[in-house]
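The values are calculated or read from the model by the stated rules, or taken from the named source; none is laboratory data. Keep in mind that this is a model prediction, so the values were computed, not measured. Backbone-built Cβ (ideal geometry, glycine too); neighbour counts: all protein chains shown. Please note that ligands, DNA and RNA were not included when accessible areas were found on the heavy atoms of the full protein model with its side chains. Shrake-Rupley method; radii C 1.70, N 1.55, O 1.52, S 1.80 Å.
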Amino acid sequence: MSAGHTPEPLGVHFESVPEWLRGDGESADVVVSSRARLARNLAGHPFPARSTQAQRKTTLKLCKDWLSKAGLSAQTTCISLHQAAPSERTLLVERHLISKPLAKGRPLPDAQDDDRPPGETDPRAVVVGLPDEKLAVMINEEDHLRIQAISSGLDLREVLRRAIDADDRIEAGLDYAFDEQFGYLTACPTNVGSGLRLSCMVHLPALKMTGELEKVKRAAADMNLAVRGFYGEGSDAIGDLFQVSNQTALGKSEDQILHELDGEIIPRIVEYERFARKTLMSKRRAVVEDQCWRAFGTLTRARLMGAEEAMQLLSQVRLGVSMGLIRDTTVRIVNHLMLLVQPGHLQRVVGHEMDQEHRKEARATLLRTRLGG
Amino acid sequence: MKCDRCENEATVHEVTIVNGVATEKNLCEHCAASDGIVPAPVSEALDPGAVIAGPLAPATPGRATRSGSCPTCRSTLNDFKQCGLLGCPDCYSTFRTHLTQLAARAHEGASRHIGRTPKRAGGTLDQAALIQERTERLKRLHAQLDEAVAGEQYERAARLRDEIRRLSTQPSESAERES
Ligand SMILES: [Zn+2]
Ligand SMILES: [Zn+2]
């Protein structure tokens, strides 16, 4: 798409669509992406939160040095976040390559007096597989290593396979903290065991419209699943996007966790959402059509647009495209726009920083242009 | 907290695990010394700050120090309760009893890892542990099922039944994993 636009000092092409937002793969009408995450720590080193700056530097160097030669991906880039600009870190968060806490950094117990915000100098990094961004390894987040494999559509088996492959390669050069009883040792005891979190990002606009979303959430809680918003813990479900993941990883093998999500829970959620869409189409077709087209109309005509409003409207358009009501755009374009309307990406596309009011204007212009309004 | 043996304040907290059974001792310095748990008070001449900053040289990993902190990173259970994070991998053996209970609550009753292991840790865990875990899990599931049926939670009951069926017909995990 945009390879070769502007030189990319970080190696990541911020104007391209990351693989996980391509809008293809199994059940892509409902499942946006699948992700596997493994939490790992180095034996004999305190966890990041309990480490001094020197200790964090040591674990960062150990991990970085090995990851660069572990053969994780045909090409990788290692981004040192304590050296990256805040705007670059925002871009990485929006692309789901790093978490918000990693972007922010953790205050150092022994930080020298500095004008910079606490955590700014926290030694930390992310290694990204290029060009598809299907693999990312965060260094010195809550755990020394967080390995993430991500893919578009429902593809949990494959992301788990890729995460495990990366895990094997990393383990060949680093000594993991492991205990017979607790499994892979993590800074937070809720992650011990396999250290695995499998998740899908699902788009559930019809269940929201039929008022059945709460039922699904309750059922998920009953099954010990976590349901989070688009940007992880504590964020609202903007754009009717939810992350569904296993909560516990102790006493269950990786295959069991995979089977629960891939074989049962996610397919059931997909079925629910599809059923709700069908029901809406047969019983309230005019209402649905009206809503989707109103959203499309607003997106292609508005002159000022907030990020949250944009996400909500894009969600409606995505529903319209998935149901065959709107043929003027594609799921892939809508997915990409959900990323581009975020503040970091918006400013990147425009080419300079803006205050909120100017962002609203630029966002509206971007949406009109990309949706052919 | 009082010493298990006398009226003094307990300053030594030790957890020992024998055949998987954890016992906790809370003793005063004196009783602990006479018990041989700690060498007679040599004064903890170590500056805790210096220990945190220096490279990790585990004293006796897996045994709480006199002050009840992790010998490797000096974190205490209180530190953990405050921030929700442990200090280092050795904290798990230091606070095993406490963490075993906590894990059981957080992980649907499970307190033993099954699944992948680092190759360095000797490959798959032994079959006995696996079977034990599965038996315990089945027991728990059956209890939950009875509860669900009694409470007329039929959807939940159906799900539990599915899980019980799957668990009872599952081939051995470690056999699957060996390749
Ligand atoms: Zn005593
Ligand atoms: Zn420790």
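Miscellaneous remarks
- Long-range Cα-Cα pairs in segment A:119-162 (distance over 16 Å), rounded percent: 45
- Set the Cα radius of gyration of segment A:251-360 against 2.2 N^0.38 Å, with N its number of residues, and you get 1.37.
- Carbon plus sulfur fraction of accessible area for segment A:284-371, probe 1.4 Å, in percent: 48
- The share of Cα pairs per 10 Å bin across segment A:200-306, counted from zero up to the longest distance, runs 13, 37, 31, 14, 5, 0 percent.
- Remark: accessible surface ordering of A:Arg35, A:Arg218 (largest first) is A:Arg218, A:Arg35, probe radius 1.4 Å.
- Residue-averaged [θ]222 nm for chain A, counting only DSSP H segments that reach four residues, each worth -39500 (n - 2.57): -12500 deg cm²/dmol
- DSSP H segments from chain A that extend 20 Å or more along their own axis, Cα-based, with Kyte-Doolittle mean of 0.0 or above: A:307-322
- Value of Rg to Rh for chain A (Rh from inverse mean 1/r over Cα pairs, i.e. Kirkwood): 0.98
- In the full protein context, segment A:284-371 carries 46 Å² of accessible surface per residue, based on a 1.4 Å probe and ignoring ligands, DNA and RNA.
- With DNA, RNA and ligands ignored, accessible area of B:Tyr154 (1.4 Å probe; Å², nearest 10): 140
- Charge dipole magnitude, Cβ of K and R +1, D and E -1 - segment A:1-156, Cα centre, debye nearest 20: 580
- Distances between placed amide hydrogens fall under 5 Å for A:Arg106 paired with A:Asp122, all partners being 5 or more residues away or on another chain.
- In terms of accessible area, using a 1.4 Å probe and ignoring ligands and nucleic acids, B:His142, A:His13, B:His113 rank largest first as B:His142, A:His13, B:His113.
- Accessible-area loss of 30 Å² or more (1.4 Å probe, protein heavy atoms, chain alone versus all protein chains) is found in segment A:30-63 for A:Gly44, A:Pro46, A:Phe47, A:Arg50, A:Thr52, A:Gln55.
- With Cα atoms as the point set, segment A:150-265 shows a radius of gyration and Dmax of 15.7, 52 Å.
- In this structure A:Thr330 has an accessible area near 70 Å², from a 1.4 Å probe over the protein heavy atoms.
- Using a probe of 1.4 Å on the protein chains alone, the accessible area found for B:Asp162 is around 60 Å².
- Rounded percent of accessible protein surface that carbon and sulfur make up, segment A:1-99, 1.4 Å probe: 52
- Nearest-20 debye value, segment A:80-230 charge dipole, Cβ charges on Lys, Arg, Asp, Glu: 780
- Accessible area buried by the pairing of A and B, both sides summed with a 1.4 Å probe, works out to roughly 4400 Å².
- With a 10 Å cut-off around each Cβ of A:190-201, the average count of Cβ atoms from other chains is 3.
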